[in-house]
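Bear in mind that the values in this text are calculations on the coordinates, not laboratory data. Given the structure is predicted, the values throughout are model-derived calculations rather than measurements. Cβ: placed from backbone, ideal geometry, glycine included. Neighbour counts: every protein chain shown.
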Amino acid sequence: MSSDKILWDYEALLERLYSNLPERAKVQPIEIPEFQIIRTGPYTRITNFKQVCDRIRREPRICMRYLLKEIGARGAIDDSGGLTIFLKVSRNTLRQLFRRFLETYVRCSTCGSYHTELRRQGKVWVIRCLACGAETPVRPI
Ligand SMILES: [Zn+2]
């Protein structure tokens, strides 16, 4: 047997192991709290914003940027971790947008787990799955 053959077998084995990973890694459920939303006058406030972002391992500023961009409004995060949007926005709209954020920037497209982290290197953003190890590039916000 030539050494080339041995190397090939080894690589094929590694590849098989790797491709089996998503099936073997158990998808752990994650409890993501609903936004607590208070609307007063022209403002909309998500009181538990930071808490929700912490749960999904995302910087509140990233998630805020996504929501504000989609809504087309300005907003700010206060010291207590709440997000105030300077516009009247319906609960439904906010929840739908957040669901879209979860699908695009949190959920692993390989195994469906929400246990992921977002790695940013300049204009390159990658979702890395903590359950199966898959890496998925996403569009920067
Ligand atoms: Zn995964």
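At-a-glance table
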quantity	calculated
Residues whose placed amide H lies under 5 Å from that of Val138, excluding near-sequence neighbours	Trp125, Val126, Ile127
Estimated vicinal HN-Hα couplings, Hz - the stretch 132-141 in sequence order (Karplus 6.51, -1.76, 1.60; Gly, Pro = x)	10, x, 5, 10, 10, x, 10, 6, x, 8
Pairwise label distance in nanometres, Arg74 with Arg39, each label 7 Å out on the Cα-Cβ vector	2.2
Footprinting exposure proxy for Phe101, Phe49 (fewest neighbouring C-beta atoms within 10 Å first)	Phe101, Phe49
Label-to-label distance, nm, for residues given as Val126 and Lys88 (7 Å Cα→Cβ offset)	4.6
Karplus-derived 3J(HN,Hα), 6.51/-1.76/1.60, for each residue of the stretch 67-78, Hz, glycine and proline x	4, 5, 5, 5, 6, x, 9, 9, x, 8, 9, 9
Where only C-alpha atoms are counted, convex hull volume of the stretch 33-106 per residue in Å³	75
Length-normalised contact order for the stretch 68-141 - Cα pairs under 8 Å, 6+ apart - percent	17
Local electrostatic count, Cys108, Cβ distance below 10 Å [Lys/Arg +1, Asp/Glu -1]	+1
